[in-house]
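Here is the structure we will look at, set down as structure tokens.
The values are calculated or read from the model by the stated rules, or taken from the named source; none is laboratory data. Everything numeric here is computed off the predicted structure, so don't read it as measured data. All Cβ positions, glycine included, derive from the backbone under ideal geometry; neighbour counts span all protein chains shown. In case anyone asks, the SASA skips ligands and DNA or RNA and just uses the protein heavy atoms, side chains included. Shrake-Rupley method; radii C 1.70, N 1.55, O 1.52, S 1.80 Å.
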Amino acid sequence: MFDPLPETQADPVPDVDVLITAEEAWPAFERAVLRAQSHVHGSFRVFDLRTRLRSPEARAVGHDWFDLLAHVIRRGVKVTIVVSDFDPVMATPLHELTWQTVRQGAALTEIADARAGQVRIFAALHPARAGVLPWGMLLPAVIKRKWDQMAGLSKDRLSRQAVLLDRTVLPELRTVTHHQKLAVIDDDTLFIGGLDLNERRFDTLDHDRPARETWSDVHLMVRGKPEVAEAQLHLDSFLEVSAGRRAPPSLGRIRRTISAPRRVQFPYLSPLTVLNEIEETHIASFNTARHLIHIETQFLRSSVIADALAHAARRNPDLHLLAILPALPESLAFYEEDGLDTRFGMCLQRDAVSHVQAAFGDRALFASPVRPVMASREGLAVLAGSPMVYVHNKVLVQDDDFALIGSGNLNGRSMRWDTEAAVALSGIDTVARLRARLLNHWWFDDLPAEAMEPETLVPWWSRAIAANAVCLPENRTGFLVPYDPDNRADLAQALPGITENIV
């Protein structure tokens, strides 16, 4: 089990910038890449070079990330970007996005006149796949989906974007992806958190956009030798580790989830979990928390995490919980997709929230952000009469002692299957500053000390958020209103015998 405080805590405290939403994170990332002297090495789930540049410094060299990377490549900087690939049948739109990026990389290499090996922008499909037994059971449904997907795509899209979808061989079933979002610039800067790179991920600090265009997220820019060196070691090794070809290197500040194919995969849908450090770190942090656990997450679906939170609540009567979640899953709220995966995920989250709430009682506060305006019409993306703000944050803050920021959600998939990376932070000043940035983002007025201290934070916010719930939207003093666990509860559906890690 991971100790939430790294053994290297005596090392110099890293220089950390807390970046909230892409409005802050992308300009910082652009400036770091502009300053690069030797290399930029990253791994992202989505990395679209058509994404527009936001900082004045980057816009001075071009319009989009293609222009920015071409500029630094011409200066001799080496660029390596691993872009996650996806099952071409079950996740066709994401698979197409990946191969658009690969083609962009090929064009970039040519236009920037890169030397051999200087630019590598390539797709990485996690090698784990379903065993023969579950694959055979699911094959009729997968084949039907394949033909349905192919029927909706032009010949050009099949050959250039949805590659592998038009093969005559039977489709595979890939259940795992590389979900991490991090980059190392030279040997001194780490960019890590929850943000990928495309226009869908852009949002502003005031979330003054239609609900389906909002995207709250948190990223860090870290300058410190242990963190940067460990992140580089992870980037250099994770593909070999996830392929089962090498053991994972030992790290202290960077926490990971990594899985690999099983030696005997025949009866299994799931991969073999190699590292679940992010899950272990959460559990250890819950167990050592004295007054406050503060989490912000896209999903709270893991029964392991819910059990650990409930155990911590029963063990320590002084412990409080602040949990910030989106009002509904993105797939349902914005795209009205209510398939079995969405319904199963909603069931898991309903059960997890109920379990945790029962253990904490009024010491737990679950909240969701909404825009401070009246919704123009009732719809799925509405809570407390206002348009929801979509939460994609992956944040843990424990007291003033410890924080973990990265790509992992609190669901079984992030805890056990997908490749994830997070950075552990300690030190009273660093952790308190992080929490202050997070809380001030959600509130419009200056916060009193009572709203910031771990011992008094949850009772203050409970009163303030309850008051928001009964105000007209324009009279609210922050984005947060109470989370509604019964929101579209009629759609929640249990799937007995199906692992929770699949969603």
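Of note:
- Annotation: region 332-423 has a Kirkwood hydrodynamic radius of 15.8 angstrom, from the mean reciprocal C-alpha pair distance.
- Note on exposure: MET374, MET415, MET137 ranked by accessible area (1.4 Å probe, complete protein assembly) read MET137, MET374, MET415, with the most exposed listed first.
- Per-residue [θ]222 nm for the chain (sum of -39500 (n - 2.57) over DSSP H runs n ≥ 4, rounded to 500): -11000 deg cm²/dmol
- Counting only Cα atoms, region 428-503 measures 48, 36, 19 Å along its principal axes, largest extent leading.
- One chain, two ends: ARG377 and ASP307. Fully extended at 0.36 nm per residue, the span grows by 21.4 nm beyond their Cα-Cα distance.
- Sparsely packed loop sites in region 404-468 (the GluC sites (Glu not before Pro) outside DSSP H, G, I, E and B with at most 13 other Cβ atoms within 10 Å) comprise GLU455.
- From most to least packed by mean Cβ count within 10 Å, the peptides 331-340, 254-263 give 254-263, 331-340.
- Sites GLN118 and ILE498 - FRET efficiency at Förster radius 60 Å, r taken between beta-carbons, to 0.05: 0.85
- Over region 162-319, the ratio between the Cα radius of gyration and 2.2 N^0.38 Å evaluates to 1.27.
- The chain - Rg (one decimal) and Dmax (whole number), Cα, Å: 22.2, 65
- Relative compactness, region 259-313, computed as alpha-carbon Rg over 2.2 N^0.38 Å: 1.45
- Accessible surface ranking for SER38, SER43, SER426, 1.4 angstrom probe, highest first: SER38, SER426, SER43.
- Neighbourhood net charge (14 Å Cβ-Cβ; Lys/Arg +1, Asp/Glu -1) for ASP67: +2
- With DNA, RNA and ligands ignored, accessible area of THR456 (1.4 Å probe; Å², nearest 10): 50 Å²
- Rounded to the nearest 10 Å², the accessible area of THR98 at probe 1.4 Å: 0 Å²
- Area accessible to solvent at LEU205, 1.4 Å probe radius, in Å²: 60 Å²
- The candidates CYS347, CYS471, arranged from most to least accessible area with a 1.4 Å probe in the full protein assembly, appear as CYS471, CYS347.
- Pairs of lysines in the chain whose Cα atoms sit within less than 26 Å of one another amount to 7, provided the residues are eight or more positions apart or on different chains.
- Multiplying the residue separation of ALA449 and CYS471 by 0.36 nm and subtracting their alpha-carbon distance yields 5.5 nm.
- The value of relative contact order for the chain, using C-alpha pairs under 8 Å at least six residues apart, is 18 percent.
- D_trans [Stokes-Einstein, Kirkwood Rh over alpha-carbon pairs] for region 314-354, 37 °C, 0.692 mPa s, µm² s⁻¹: 270 µm²/s
- Paramagnetic label zone (point 7 Å from Cα along Cα-to-C-beta, SER154; backbone N under 17 Å) in region 81-98: 93, 96-97
- The amide H of HIS320, built 1.01 Å from its N in the peptide plane, has LEU292, ILE293 as neighbours under 5 Å, considering only residues 5 or more places off or on other chains.
- Projected label points at ASP17 and HIS63, each 7 Å from Cα along the beta carbon direction, are separated by 2.6 nanometres.
- In summary, region 367-503 shows an alpha-carbon radius of gyration equal to 1.22 times the 2.2 N^0.38 Å reference for compact globular proteins.
- Using a Förster distance of 41 Å, the FRET efficiency for ARG433-LEU133 (Cβ separation, nearest 0.05): 0.20
- Nearest-0.05 FRET efficiency for ARG262 and ALA107, computed from C-beta distance (R0 56 Å): 0.90
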